[in-house]
1. Name every residue in segment 139-171 that is of a type in the set (Val, Ile, Thr), under 22 Å from Val41 (Cβ atoms) and assigned to a helix (DSSP H, G or I), in order of residue number.
2. Against the definition (surrounded by 15 or more Cβ atoms within 10 Å (Cβ to Cβ) and outside any helix (DSSP H, G or I)), how does Ala40 come out, yes or no?
3. Checking Glu183 against (1) at pLDDT 50 or above; (2) out of contact with any Lys or Arg (no Cβ under 6 Å at 6 or more places or on another chain); (3) charged (D, E, K, R), only one condition comes out false. Which one?
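The values are calculated or read from the model by the stated rules, or taken from the named source; none is laboratory data. Computed from a predicted structure; not experimentally measured. Using ideal geometry, Cβ is built from the backbone for each residue, glycine included, and neighbour counts are taken over all protein chains shown.
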Amino acid sequence: MIVQPRQGIAGVADRMLTPGATAAERVVGSIAIAAGAVVAVIAGLLNDAPWALWQYALIVVLGIDLIGGTVANVFTNAKRWWHRPDRNALYRFGFVAGHVHPLALALLVPGFGWPAAIGLYLAVVVGAVAVLAAPASVRIPVAFGAAVLAIGLITGLPGIAPELAWFAPVFVVKLLIAHMAPESPVAESPATESPAAESPASESRESESTAPESPTVGAPVADSRTAQSRTTDSPAAEPSVPDPDPEEAR
């Protein structure tokens, strides 16, 4: 069942996290949002990033959107909401293509060069096309494959400062795995169907046919006790006495 967002301000929160989020999902989502802000700030401070205050604020917003969004996109209701029937492939591709974060980062913040920004953006867009073009039954493996390939390629490009090393992997995971991968794979119809389960009546008939036959009424049944009693009641055979010798009789 697809849960619809609520109206008003609550609906905005539903779209940011997930419609119909449970209490546990709201806690996990809130922790992920806070973690995104903390990671962005700590990465900049530990590496002495030459950022102005507004640039720190921009990085914090990106951290919240990417890290918090990665977690929120894999909630069950969020998967069903983003992949509902009225959201076709073009809409999902537009969601990915609209994430121009790498280009904005290269334009506004030092430490993320244009080759890395363009390469990251193109890798994610091509990966999204591959996921949408794949058969429904293998879209999840294709999404994971496209993600690891994109991460492997982007991390080798020059122009990414240590304080922004987290950005490219999280960006890829959010879009290609958390968002583009469906909730569950769709199994293709098998070539041959498995035989249907037998009905209880047929199972009953089969059990009756294999069950040992009961003895017929009136048929003699061997009873060891009866045989023993018959043996006891019959008179014992008397020992035979030999005839007297005629010579001894005279």
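1. Passing the criteria: only Val170.
2. no
3. Just one mismatch for Glu183, condition (2).
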